[in-house]
Amino acid sequence: MDDTQIWDLIQQEEDRQASGLEMIPSENHSSVAVRRASGSILTDKYSEGYPGMRYYAGCQIVDKVENLARDRAKQLFGVTHANVQPHSGSPANQAIYFALVDPGDTVMGMSLYFGGHMTHGLKVNFSGTYYKSVQYTTDKHGYMDYEAIAAMAAKEKPRLIMAGTTAYPRIIDWQKLREIADSVGAWLAADISHISGLVVAGVHPSPIGIVDVTMTTTHKTLRGPRGAMILCNGDPSDPLKKPERTKENLPSLIDRAIIPGLQGGPHNHQTAAIAVALDEALQPSFKEYGKQIAINAKKLSEELLSRGFELVTGGTDNHLMVIDLTNKGLSGKQGETALSKAGITVNKNTVPFDPRSPFDPSGIRLGTPALTTRGMKEAEMVQVADWIADAVAHHKDDKHLATLHEEITKFAKKFPLPR
Ligand SMILES: Cc1ncc(COP(=O)(O)O)c(C=O)c1O
């Protein structure tokens, strides 16, 4: 028997997604096959350990599931080792710190307020509490400033640089970051959570072979279930022996950081769903999808610029953009609320050197992965830009926003969610 209360709420959420435009750039719509695996009986199975080395009996099937997920991840990203067990992106980053540095060590990452993630050293996060975190910003236009990053590294001598972004609209130069890390003998980790689908599509350069460890969540542009993977090269050593911190030993260092370091049993239903998503990402059509995400983002950014919007860095090379709403006379929070009333879901976001508070910043962050999954292309981006401009212009007029919502719902229903 279904729990009618919860089932009703699930239906309501499905309807909310189907009748609006999901433009939070870290979100996407997974396939029915992914969701079926995610909702499967595999959720019932305990399997602490790794395939062939479990602390529980009855793992012969889930071993095969995890091996498939690992093999597909290795094939997709071109690495020799993949750990598919992190429950999500934040614990995966935690595992990278745990594997490579000690409490009190200096770690360096991009400030949350300039487009980094909180696990990259924010003071109130574990990464800024257990480690001495130093945080770099962007230049005044919002671009990563590699000279400033190099200068900070030379001064602070971090043992780990956690590179990657959550609200950055431009290409990241992994090679430059490698040179900076090498100049101070630091480990270099790439967090490609936002852009992994674009890396697969060749839209964004891959960090593989340049950085030491790569982490990605599986639920953003990669279009899988919630989850994460840690990818690296090296030789797994004896799993029962504590490995030295060498590049060769990275697979063992990462695996031991996940279990017994941080987690217990892997979520096998999630692993299966990741395997399904990875198989989808291995198909040629996924490359087209990834390219279309970026084409749509570029088109949308141009259309917004032509309607007088100010974009951080003046545009985008990837799947997202950050709009500074100051010149439109409203805050990021007001923008988020007005767009939400019209059926367009975005999130408020700081802009570089934001004079406002992070709780009500100057900007909003939006992207095209979910709209592209629904089949929208450049023509639809023109329409979406019109609606964004309309909602922002009428942000105080609830009646107007409600009418817009009705119009947007009619449009959205022509682009059904994956079934
Ligand atoms: C760059 C980056 N890293 C890590 C994470 C954390 O992932 P999760 O929310 O799955 O813990 C996110 C989530 O938004 C992210 O954008």
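Anything in segment 379-410 that is of a type outside the set (S, T, N, Q), under 22 Å from Glu14 (Cα atoms) and surrounded by fewer than 18 Cβ atoms within 10 Å (Cβ to Cβ)? List them, or say none.
Ala402, Glu406, Glu407, Lys410
Just a yes or no: is a residue in segment 129-139 over 30 Å from Arg374 (Cα atoms), part of a helix (DSSP H, G or I), of a type in the set (Phe, Trp, Tyr) and open to solvent by 50 Å² or more (accessible area, probe 1.4 Å)?
No.
Could you please let me know if Ala257 is within 15 Å of the ligand (Cβ to nearest atom) and either within 24 Å of Asp317 (Cβ to Cβ) or not in a loop (DSSP other than H, G, I, E, B) (or both)?
no
Would you say Ser88 is within 16 Å of the ligand (Cβ to nearest atom) and either of a type in the set (Ser, Thr, Tyr) or in contact with an Asp or Glu (Cβ under 8 Å, 6 or more places away or on another chain) (or both)?
So Ser88 passes the test.
What number of residues within segment 207-250 are away from the ligand (no atom under 16 Å from the Cβ) and out of contact with any His (no Cβ under 9 Å at 6 or more places or on another chain)?
Matching residues across segment 207-250 total 17.
Inside segment 102-121, can you point out the residues that are of a type outside the set (Ser, Thr, Tyr) and either surrounded by 20 or more Cβ atoms within 10 Å (Cβ to Cβ) or near the ligand (Cβ under 10 Å from one of its atoms) (or both)?
The answer is Val107, Met108, Gly109, Met110, Leu112, Phe114, Gly115, Gly116, His117, Met118, His120, Gly121.
Among the numbered criteria (1) in contact with a Lys or Arg (Cβ under 7 Å, 6 or more places away or on another chain); (2) within 30 Å of Leu278 (Cβ to Cβ); (3) touching a residue at least 40 places away in the same chain (Cβ under 8 Å), which one does Leu188 miss?
For Leu188, the failing item is (3).
For every residue, the table says whether it meets (1) open to solvent by 20 Å² or more (accessible area, probe 1.4 Å); (2) more than 16 Å from the ligand (Cβ to nearest atom); (3) of a type outside the set (A, V, I, L, M).
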| position | (1), (2), (3) |
| --- | --- |
| Arg54 | yes, yes, yes |
| Cys59 | no, yes, yes |
| Ala69 | no, yes, no |
| Asn93 | no, no, yes |
| Leu100 | no, yes, no |
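Between residues in segment 162-175 that are within 16 Å of Thr368 (Cβ to Cβ) and within 14 Å of the ligand (Cβ to nearest atom) and residues that are in a helix (DSSP H, G or I) and open to solvent by 10 Å² or more (accessible area, probe 1.4 Å), which pairs lie under 6 Å by C-beta distance while being six or more apart or on different chains?
Close Cβ pairs (under 6 Å, with a partner that is in a helix (DSSP H, G or I) and open to solvent by 10 Å² or more (accessible area, probe 1.4 Å)) amount to Pro169/Thr313.
Table: residues versus (1) under 30 Å from His120 (Cα atoms); (2) more than 16 Å from the ligand (Cβ to nearest atom); (3) within 22 Å of the chain's Cα centre (by Cα).
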residue: Pro25; (1), (2), (3): yes, no, yes
residue: Ala33; (1), (2), (3): no, yes, yes
residue: Gln75; (1), (2), (3): yes, yes, yes
residue: Asn83; (1), (2), (3): yes, no, yes
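The values are calculated or read from the model by the stated rules, or taken from the named source; none is laboratory data. Predicted model only: the values in this text are computed from it and were never measured. We place every Cβ from the backbone using ideal geometry, glycine too, and count neighbours over all the protein chains shown. Note: areas computed on protein heavy atoms with side chains; ligands, DNA, RNA excluded. Shrake-Rupley method; radii C 1.70, N 1.55, O 1.52, S 1.80 Å.
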